[in-house]
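Written out below as structure tokens is the structure these notes cover.
Rule-based calculations on the coordinates, nothing more; no lab input. Everything quoted here is computed from the prediction, not taken from an experiment. All Cβ positions, glycine included, derive from the backbone under ideal geometry; neighbour counts span all protein chains shown.
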Amino acid sequence: MTDVIRILEKTEGLKGYKINEYKKTSYELFFVHKSLETVRSTDTTTTDVTVYVEHDGRIGDSSFSVYKSMGEKEIEESVQKAVARAALVSNEPYELVPGGTLEAAVPTNLDRYSPEEMGRMIADAVYAADTVPGGSINALEIFITRNTSRVVNSRGVDKTQTVHHVMIEAIPTFTDEKQSVELYEDYRFAEFDAEKITAEIADKMKEVADRANAVKPGKGFTADVLLRPGEIDELLWSLAEDCDYATIYQRANLHKEGDNLQEGDGDKLTVTLKGIIEGSVRSAFFDGDGSSLTDTVVIKDGVVCGSYGSSRFGQYLGVKEPSGNLGCLKAEPGTLTDEQLISAPYLEVVSMSGIQIEPYSDYIGGEIRLAYMHEGGKTVPMTGISMSGKLSEVLATLRLHEKTCVYMAYEGPKSLLLKNMEIL
């Protein structure tokens, strides 16, 4: 870092520079069934340099990577090539993030244990759920990661943050005399909770058994559809993206501040984008430009009310204090109760190939790999179906559960009910 800064400081023709350094250490375990086959540790550092050049009333930028094997001459040559490339780029002028220093770590309990201890605890929690007759966990991979990112720029920014998180990849399998069915589970967290891990994997073990016995309906029908946190997060981010400074600057936003997204009698959405949510894998104090992250309400009671994004595009829009690129999303709870849910038929989505949300064509839908049809006190697993509906109608009538949870980078209602969806 010191050598790179010294070379940049003496380079002529630079308006400024930014250096992003990423250090990653990981402890990784690979199981086949319940046998630990491989343990691997990694320790990597990636350094990216961006140079900025003024020309003809515009500003250009270009980036390159620096490796530890590079000598001073190689770095100087890379800088000169980047300066030449930057001179070919013409962007509207903007300033780099102004000075500020920070050294901080996102709070977590993952750093209370050694990687070896944490690995054993996570594996024990996962395999505690392997109790379904006919079921098994064919493969399990655990990645315990410590990421440290540092941003330094020519305007005095020098910020460092450390983030811990875990990713579990598991293949729950169910086998009977007819077939063998698998599900893929990708579960990430920044706070260790053995009971929560066991419950998550237990749900998947049950779901893979249910998928083996799921039925395909003989014909289409209309139903209220219950979404889980993963799909809720995607739905709300699709709305929030309309509020990004870059989207607004490029005039690609469908809605603007003051627009009512929910002209109906459903629960009203209040969505806040945040820098830190306890337990979230995307919590951060600052973004890749070095901008401190400021929590921002983008939707209030169903009405678009704010915007967020990078320093550059915030400057283009005349924002005095840009929020920075926020990675976490919080939604306020609604009025839906468990008692209300069981009083009427509904289809609970368990696994999708990916929810599809297309605001410009007013569409929401997607392929459903597994769902539960709850009706009259009975639950029937279904597969081989898809859902389809109008996004505007869904937003007007949706219901939000009164209870909340944290999942990945989402905090909010544990479920969301879409009314009158077409099931095909």
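One table, with the values for the structure above:
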read-out: Low-density loop positions, GluC sites (Glu not before Pro), the range 1-39 - DSSP coil, at most 14 other Cβ in 10 Å; value: E12
read-out: Mean separation of Cα contacts under 8 Å (6+ apart) over length of the chain, as relative contact order %; value: 14
read-out: Relative contact order [Cα under 8 Å, 6+ residues apart], the range 214-424, whole percent; value: 30
read-out: The range 361-402-the range 338-354 distance, computed between alpha-carbon centres (Å); value: 7
read-out: Contact order relative to length of the range 2-211, as percent, for alpha carbon pairs under 8 angstrom and 6 or more apart; value: 22
read-out: Net charge of neighbours whose Cβ lies under 15 Å from the Cβ of G71, counting Lys and Arg as +1 and Asp and Glu as -1; value: -2
read-out: Ratio of the Cα radius of gyration of the chain to 2.2 N^0.38 Å, where N counts its residues; value: 1.12
read-out: Whole-Hz ³J(HN,Hα) from phi, Karplus 6.51 cos²θ - 1.76 cosθ + 1.60, for the range 410-424, glycine and proline x; value: 10, 10, x, x, 6, 7, 9, 9, 9, 8, 6, 8, 7, 10, 10
read-out: Gained length - H55 relative to S353, 0.36 nm times residue gap less alpha-carbon distance; value: 102.6 nm
read-out: Stokes-Einstein D for the range 214-424, Kirkwood Rh over Cα pairs, 20 °C, 1.002 mPa s (µm²/s); value: 120
read-out: Per-pair calculated FRET efficiency, R0 = 35 Å: C405 and Y113 via Cβ, rounded to 0.05; value: 0.90
read-out: For G366, distant residues with modelled amide H under 5 Å away; value: Q356, M387
read-out: Electrostatic dipole magnitude of the chain [Cβ: Lys, Arg +1; Asp, Glu -1; Cα centre; debye, to 20]; value: 440
read-out: GluC sites (Glu not before Pro) restricted to DSSP loop in the range 127-180 with at most 14 other C-beta within 10 Å; value: E177
read-out: Virtual spin-label span in nm between K300 and T38, 7 Å along Cα→Cβ; value: 5.2
read-out: Under Karplus coefficients 6.51, -1.76 and 1.60, residue-wise ³J(HN,Hα) of the range 267-273 in Hz, glycine/proline x; value: 5, 8, 7, 10, 10, 10, 8
read-out: Loop sites in the range 43-120: trypsin sites (Lys or Arg not before Pro), DSSP, at most 14 other Cβ within 10 Å; value: K68
